[in-house]
Amino acid sequence: MTNQRTVNILRKYRKSSASKKQRFFDSFEKRMIYRTTKTENPETTRKMVDKVLKKLLRNHD
């Protein structure tokens, strides 16, 4: 990713609403969980990560 693209993304993020920022962090969290888990266990899929996150969300309520 070029520096100009990164700067444009950050500018766009700063101007976005609170709900869009929250959605960004939600998707970012899922991606980071997937990447970390994938490193430790190569058989992991995104569906597996989503399933576990849904269970955690259900148990939290």
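Before moving on, here are some points about what is shown:
- With eigenvalues of the C-alpha gyration tensor scaled by 5 and rooted, the chain, Å: 27, 18, 6
- Whole-Hz ³J(HN,Hα) from phi, Karplus 6.51 cos²θ - 1.76 cosθ + 1.60, for segment 18-30, glycine and proline x: 5, 5, 5, 5, 5, 4, 4, 5, 4, 5, 4, 4, 4
- Taking the Cα centre of the chain as origin and assigning +1 to Lys and Arg Cβ atoms and -1 to Asp and Glu Cβ atoms, the resulting dipole is close to 400 debye.
- Förster-model FRET efficiency, 30 Å R0, Ser16 and Asp50, C-beta, rounded to 0.05: 0.80
- Pairs of Lys residues in segment 1-53, spaced 8 or more positions apart or belonging to different chains, with C-alpha separations under 28 angstrom: 17 in total.
Bear in mind that the values in this text are calculations on the coordinates, not laboratory data. This one's a predicted model, so the numbers in the text were calculated from it and none came from an experiment. Here the Cβ is made from the backbone with ideal geometry for all residues, glycine too, and neighbour counts use every protein chain on show.
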